[in-house]
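The values are calculated or read from the model by the stated rules, or taken from the named source; none is laboratory data. In this text, all values refer to a predicted model and were calculated from it rather than measured experimentally. No Cβ is skipped: glycine too gets one built from the backbone with ideal geometry, and neighbour counts run over all protein chains shown.
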Amino acid sequence: MSDKATLDVYAAKAADYAIMTDYDDPQLSDFMVALGTGRVLDLGCGPGRAAGRIARAGFDVTAMDAVPEMVAMAARHPGVTARLGTFDDISGTYDGIWANFSLLHAPRADMPRHLSAIKAALRPGGLFHIGMKLGTGAARDSIGRLYTYYSEPELARLLTDAGFSIDARAYGRDKGLDGTYADWLCLRAHG
């Protein structure tokens, strides 16, 4: 689970974050095409932009976030069932789980447990997307959010150890809510 300080930053900056994340994500498009149809969990959904887009594409979508302000925003998207919850509250069975730059706030020691829970919530052969910032260690950004950074080999090993088979990778560099640029990696895997 993310720490209270990180959750408080997202609560205070929910509107700014919604504006920043309002764009068409090519990884999301690829995820939906690869999935085809079914039930999707947007884990750490933020303002629900991705969940709304997934719902508009005809999927059955549950959006979950630990910040009440984000859950309220996600609930405004037609076709999205939004609920308050942490990474420890994954329940149900899904064809796909979208965790785009949310699990990077989980402590490193908790990541294997979270990935096991995600794997258990996926139907056999289900699709999992994870977006993470690249780096080493853990640190707070200038606005107080706690990040856990991973190298590509470390993240790939964690997914493999949890029983996933990686089938796509995407890389990039973008400016975050704190105004600094960071390198990132998205992995798509089958359970």
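Before moving on, here are some points about what is shown:
- The set of residues in the range 1-34 that are charged (D, E, K, R) and surrounded by fewer than 16 Cβ atoms within 10 Å (Cβ to Cβ) comprises Asp3, Lys4, Asp8, Asp16, Asp22, Asp24, Asp30.
- Residue among Gly144, Gly191, Gly125 that alone is crowded, with 18+ Cβ neighbours inside 10 Å and over 15 Å from the mean Cα position of the chain (by Cα): Gly191
- Residue within the range 84-101 that is farther than 16 Å from Phe128 by Cα, surrounded by fewer than 23 Cβ atoms within 10 Å (Cβ to Cβ) and of a type in the set (A, V, I, L, M, F, W, C) present: yes
- Subset of the range 56-76 [surrounded by fewer than 21 Cβ atoms within 10 Å (Cβ to Cβ) and small (Gly, Ala, Ser)]: Ala57, Gly58, Ala72, Ala75
Listed here are the residues, each with its yes/no results for (1) in a loop (DSSP other than H, G, I, E, B); (2) among the aliphatic types (A, V, I, L, M); (3) out of contact with any strand residue (DSSP E or B) (no Cβ under 9 Å at 6 or more places or on another chain).
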{"position": "Trp98", "(1), (2), (3)": "no, no, no"}
{"position": "Phe128", "(1), (2), (3)": "no, no, no"}
{"position": "Arg157", "(1), (2), (3)": "no, no, yes"}
{"position": "Gly163", "(1), (2), (3)": "yes, no, yes"}
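- Any hit, the range 140-152, residues being at pLDDT 95 or above and under 23 Å from Met32 (Cα atoms): no
- Residue tally, condition under 16 Å from the mean Cα position of the chain (by Cα), under 20 Å from Arg108 (Cβ atoms) and exposed (fewer than 12 other Cβ atoms within 10 Å of the Cβ), over the range 152-188: 0
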